[in-house]
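Visitor: The following block contains the structure, expressed as structure tokens.
The values are calculated or read from the model by the stated rules, or taken from the named source; none is laboratory data. In this text, all values refer to a predicted model and were calculated from it rather than measured experimentally. All Cβ positions, even for glycine, are placed from backbone atoms using ideal geometry, and neighbour counts span all protein chains on display.
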Amino acid sequence: LYGAYHFLEVTRKCGIQPLIGLEMTLIKDEENISLRFLALSTKGYQELMKLSTLKMTGRKNWSDFTTHLEDVAIIVPYFNGVERLDLGHDYFISVSPDTPQEVFTRPILPLYQVNSFEKEDIQVLQILSAVKDNVSLREVDLHSQQGIFLPASDLEARFKNCFPQALANLQDLIENVSYQIDPSLKLPRFNPERPAVEELRARAEQGLSDKGLTSAIYHERLNEELAVIHDMGFDDYFLVVWDLLRFGRSQGYYMGMGRGSAVGSLVAYSLDITGIDPVEKNLIFERFLNRERYTMPDIDIDIPDLYRPEFIRYVRDRYGSQHVAQIVTYSTFGVKQAIRDVFKRYGVPEYELTNITKKISFRDTLTTAYEKNLQFRQVINSKIEYQKAFEIA
């Protein structure tokens, strides 16, 4: 589901009705059951994210997932005896043009698995599967990689011929599906009982007083920063960051001071978010925040990774899970790694891989390495399997 939001944006720009789904295998009565879940509303989309989290955190039993199915359609791909499956919830049976003809008592839906847009992409998909499972290309289940994108008219004709009711059921199911995702920023409230602007000023002024910084230059700088912070709507943000550090210190954790451009903020210093006096060091607040460039404040804080779960639990309990998210990092293939991973699937031994990758500089793309590096080009052209592997890499 990492790409769901981007998918929603793109489909709407293209005038396509988006459908967000999730595929997973769960255990029911000691049997593995392949399942598809389709979000029927914004609430359903939120439920899918909860289901995905359960799966990613090690849950496998169907019973663990049944409390997060509001506005979610359950779809079970056809297998012999599927109608006897008792999930305790209504579900659809998905059929393909190759599904055996029979009379179903449960509603059916058309299912066609798409893995690639072009026939030529299938080999790339097989390589990726081999890399994922760390096996050779010969060990990949080729049948599981089939599924070329077909025009809607072709698929409709196939299903009309064998399962026309599946098409009608699909239309009825998705007719009113819509997702309303509000992209605007909604910061959590630090203290709903008191305006954040008052709370922040009181704590910042107290912080300066505790540090003995009472001269006019400090009060003038503090007033200027507080005005900018308030105008940009970040009063609660500073209070929440202060609260996170307060929590860590109260537990006896070693907490790093805020890093980055935040050290230019006197407000951050007064709250002990940072440890450097920006007035004394002549640091500029506008590098951190200014009215001319609306960006979220970026305060880097180091916490002990050993206690990371405790911090996540605290902020969820304190501010609500709807205000807490973890950031994902996507790993992409570097030039040398792409060569290594692909060539290895073709059975190229390690000493040859090392010889090949040595000829690629850190500035090269595969295209520039091939075009400008004669030695590299000669190696690639020396064997048919090298040429095939290079094209895929």
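Visitor: Could you go through region 32-42 and let me know if any residue there is aliphatic (A, V, I, L, M), closer than 19 Å to N176 by Cα and either within 17 Å of the chain's Cα centre (by Cα) or in a strand (DSSP E or B) (or both).
Guide: Yes - at least one qualifying residue is present in region 32-42.
Visitor: Another question, if that's okay. Given the residues P183, P195, which is the only one that is farther than 21 Å from P278 by Cα and modelled with pLDDT of 95 or more? Lay out the reasoning, then the answer.
Guide: Working: P183 fails: modelled with pLDDT of 95 or more.
Criteria check complete, one pass: P195.
Visitor: Go through region 319-393 and tell me which helices (runs of 4 or more DSSP H), entirely inside it, have 2 or more residues that are surrounded by fewer than 16 Cβ atoms within 10 Å (Cβ to Cβ). Write out each step before concluding.
Guide: Working: elements: 335-345, 350-357, 366-372, 374-381, 384-392.
Hits in region 319-393: 350-357, 366-372, 374-381, 384-392.
Visitor: Does at least one position in region 136-148 carry a residue that is within 25 Å of Y2 (Cβ to Cβ), hydrophobic (A, V, I, L, M, F, W, C) and within 24 Å of the chain's Cα centre (by Cα)?
Guide: Within region 136-148, not a single residue is within 25 Å of Y2 (Cβ to Cβ), hydrophobic (A, V, I, L, M, F, W, C) and within 24 Å of the chain's Cα centre (by Cα).
Visitor: Filter region 27-69 down to the residues that are surrounded by 13 or more Cβ atoms within 10 Å (Cβ to Cβ) and of a type in the set (D, E), then identify the one that is nearest to H6 (Cα to Cα).
Guide: E47
Visitor: Right, something else. With the condition kept exactly as written, say whether any residue in region 84-106 is in a helix (DSSP H, G or I) and surrounded by fewer than 19 Cβ atoms within 10 Å (Cβ to Cβ).
Guide: There is at least one residue in region 84-106 that is in a helix (DSSP H, G or I) and surrounded by fewer than 19 Cβ atoms within 10 Å (Cβ to Cβ).
Visitor: Quick check, is V240 in the same structural domain as P309 (by TED's automatic domain parsing), under 31 Å from the mean Cα position of the chain (by Cα), of a type in the set (V, I, T) and at pLDDT below 95?
Guide: Values: in the same structural domain as P309 (by TED's automatic domain parsing): yes; under 31 Å from the mean Cα position of the chain (by Cα): yes; of a type in the set (V, I, T): yes; at pLDDT below 95: no.
No: the conditions fail for V240.
Visitor: Sticking with this one: If E391 passes every condition in (1) more than 25 Å from the chain's Cα centre (by Cα); (2) of a type in the set (D, E); (3) farther than 25 Å from Q126 by Cα but one, which one does it miss?
Guide: Evaluating E391 over (1) more than 25 Å from the chain's Cα centre (by Cα); (2) of a type in the set (D, E); (3) farther than 25 Å from Q126 by Cα leaves (3) as the failure.
Visitor: Let me ask something else about it. Scan D154, D133 and give me the residue that is at pLDDT 85 or above, over 22 Å from V95 (Cβ atoms) and not assigned by TED's automatic domain parsing to the domain that holds D341.
Guide: Numbers: D154 fails: over 22 Å from V95 (Cβ atoms).
Only one candidate passes the filter, namely D133.
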